[in-house]
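The block underneath contains the structure these notes are about, expressed in C-alpha cells.
The values are calculated or read from the model by the stated rules, or taken from the named source; none is laboratory data. Predicted model, so just to flag it, every value in this text is computed and none were measured. Glycine also receives a Cβ, built like all others from the backbone with ideal geometry; neighbour counts cover every protein chain displayed. SASA here: full protein model, heavy atoms, side chains in, ligands and nucleic acids out. Shrake-Rupley method; radii C 1.70, N 1.55, O 1.52, S 1.80 Å.
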Amino acid sequence: MTILVTGGAGYIGSHTCVELLAAGYDIIVADNFSNSNPESLKRVAELTGKLFTISKVDLQNRQQVEKLFSSNKIDAVIHFAAYKAVGESVEFPLKYYQNNLAGTMVLLETMEKFHVKKFVFSSSATVYGATNHMPITEDEQIGSTNPYGRTKEMIEDMLQDIYQADPSWSIAILRYFNPVGAHKSGRIGEDPNGIPNNLLPYLSQVAIGRRDVLTIHGNDYQTKDGTGVRDYIHVVDLANGHIKALEKIQKTPFISAYNLGTGVGISVLEMVRAFEQASGKTIPFHIGNRRPGDVAICYADPAKARAELEWTATKSISEMCEDTWRWQLQNPEGYITEKVSIEASGA
Ligand code: UDP
C-alpha cells in the first residue's frame, strides 16, 4: 500500500514517515522544502534502512501534483504540508490563505480526479479557539482566533462538504495538541527557522546556550502556578496516531475528527523543571507579559481517539524532554548540512 505524504520532510511529517516505513507501508514524500530540509529525509532512510521516493513538489502547481498521481499508484494521502506559525499568519494572512488553502484544494481536486479518496488531515487544537471547557472534546465549538487556525478550520469544513457530496471518501481529521520531543535516535527532530516561537525549542536552545534566557509569557493566569497550561504530546506518539488513522480509513468510508493529546495539562514552569532535570542544565528565565492571543489552559479529552482509533499517547513528559535534549545536543544548529538539491521530478 502506497501513501503519499505531503510535507513529509517537516517535523511531524518526518517522524510519521519513520513509523509508516516501520509499519510496512510504501511512501512517496512530496515537499517543496520551503520550511524543511531534505536532510531529514536522508535520515529517515538511514533510520529505517528503507528507500522511498522524494519529490520536490509545490502543491499549488497542479501540473506537478497531477504528475505525481499519474506516475504512481497512490492509495491514500497524509497531508501535512502547510505554513504553521500563528504569529506570522496574523502578520501575513494572505500568505497563509494562499498557501494552505490553495495547495490543499489542488491536492483534493487531483485526488478526486484520480479516484484516491482516503485522506488523513493534519489539523490543530487551535481550531477550538478560546474555550473554557476543559478537557476539550471534539464536540467543542470551533472558532479559531488566528488566520493559521482558520485555514485549518476552513479545510475541515471543505472536507465535510466533500464527504457529504461523495460518501465514498474516507477522511480522518487529526487535531494535534502541542507536539514536542524527537526520535529516540536523536537523528530527526524539530528544526525551527530563526527564533523559536514554541516553548520546547526555545527551552532547548537556552539549555544549549544558543539563547540567553527564556521569557515566560505571563505568570498571572488562573492556573496551578500562574503560567500557561498545555497538553504536550510526544511527536512519536503523534506519528503513531497517523498509523492508527490510516488503518481506520481503510475499513469503511467515514469522516471524523480526533483529538491527539495526552489529556494532561502541564504548566510552563513544570516544563522548565522537567527540562532542567532531563538536561542537567539550569534554565535562566524571567517573567514577561502575556503573549497576545494565548489562552490560559488547553488540554485534550483523547477518549474518542482511544475508542475509535485504538490509539493512546504513551510517552511521559520526562521522555519528551530527554528526547528533545538528545536531538538538540547532537544537532546544536539543527540540520545544518547544505540543502541537497532535489529537482522537481514529479517522481
Ligand atoms: N511560552 C513561554 N515562552 C516561550 C514560548 C512559549 O512562556 O518562549 C508559553 C506560552 O505562553 C504557552 C506555552 O508556553 O503558555 C506553550 O506555548 P507554545 O507556543 O509552545 O504553544 P501554544 O501556545 O501554541 O499552545
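Just a few scattered comments:
Conditions tested, residue by residue: (1) within 16 Å of the ligand (Cβ to nearest atom); (2) buried (at least 23 other Cβ atoms within 10 Å of the Cβ).
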| position | (1), (2) |
| --- | --- |
| N72 | no, no |
| N99 | no, no |
| L107 | no, yes |
| S122 | yes, yes |
| P135 | yes, no |
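- Selection within the range 271-293: residues that are part of a helix (DSSP H, G or I) and open to solvent by 40 Å² or more (accessible area, probe 1.4 Å). The member of this set that is farthest from the ligand (Cβ to nearest atom) is Q277.
- Restricting the range 169-187 to residues that are of a type outside the set (A, V, I, L, M, F, W, C) and part of a strand (DSSP E or B), the residue that is surrounded by the fewest Cβ atoms within 10 Å (Cβ to Cβ): S170
- Looking only at the range 35-50, residues that are at pLDDT 95 or above and open to solvent by 40 Å² or more (accessible area, probe 1.4 Å) come to 5 in all.
- With respect to the stated conditions, S256 fails to be polar (S, T, N, Q) and assigned to a loop (DSSP other than H, G, I, E, B).
Yes/no matrix, rows are residues, columns are (1) modelled with pLDDT of 95 or more; (2) closer than 21 Å to D294 by Cα:
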residue	(1), (2)
P93	yes, yes
Y96	yes, yes
L101	yes, no
A130	no, yes
T151	yes, yes
W169	yes, no
G181	yes, no
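- In the range 272-289, the residues that are small (G, A, S) reach residues that are within 11 Å of the ligand (Cβ to nearest atom) with C-beta atoms within less than 7 angstrom, at least six apart or across chains, in these pairs: G288/T215; G288/I216; G288/H217.
- Lone unmet requirement of (1) more than 9 Å from the ligand (Cβ to nearest atom); (2) assigned to a loop (DSSP other than H, G, I, E, B); (3) within 20 Å of I266 (Cβ to Cβ) for N197: (1)
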